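A short worksheet on the structure shown next.
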Amino acid sequence: MNRNFFLIGIAFFGMINGLFNQLWLIFALLYVQPLAGPLLFGNMSLTLMFASLMVSTATVILGGIPAAIYERVTGAQESNGVSLWIWLAGTAILALPAAGNFISVGL
């Protein structure tokens, strides 16, 4: 399979988790508001979107840790199909709590 499809899926699960995972989003918002609030002119909606971006990025990074460990153990120089599947599965597992909210809201 083309690696672009894997990367699109990984980004999709990161986006779902960043937008719809209420627990992580509130936790990130509590830390972002004092630090980035004045930088974003005290606008709550911009601060919320920045916190959502932080959660999405953290999801992609944390989902990639098992894939990086697999690549280190096998000695692979670059990502292959197996490590991309591991990365996709890791982000999907992290996005499971947000999947219920995503389905209930819909697109």
- On the protein heavy atoms, probe 1.4 angstrom, tell me the percent of accessible surface of the chain carried by carbon and sulfur. 74 percent
- Message: Just to confirm, what accessible area per residue do you get for the chain at 1.4 Å probe, in whole Å²?
- Response: 65 Å²
- Using the Kirkwood radius over Cα pairs of segment 3-106, the Stokes-Einstein translational diffusion coefficient at 10 °C and 1.306 mPa s, in µm²/s and rounded to a whole number, is 109 µm²/s
- Task: Return the calculated 222 nm mean residue ellipticity for the chain, to the nearest 500 deg cm²/dmol, obtained by summing -39500 (n - 2.57) across DSSP H runs with n ≥ 4 and dividing by the residue count.
- Result: -27500 deg cm²/dmol
- Task: Starting at the first residue of segment 4-17, write each ³J(HN,Hα) from the Karplus equation 6.51 cos²θ - 1.76 cosθ + 1.60 with θ = phi - 60°, in whole Hz, x for Gly and Pro.
- Result: 5, 5, 4, 5, 5, x, 5, 5, 4, 5, x, 5, 4, 5
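The values are calculated or read from the model by the stated rules, or taken from the named source; none is laboratory data. Not measured: the values here are computed from a predicted model. Surface areas here come from the heavy atoms of the whole protein model, side chains and all, with no ligands, DNA or RNA. Shrake-Rupley method; radii C 1.70, N 1.55, O 1.52, S 1.80 Å.
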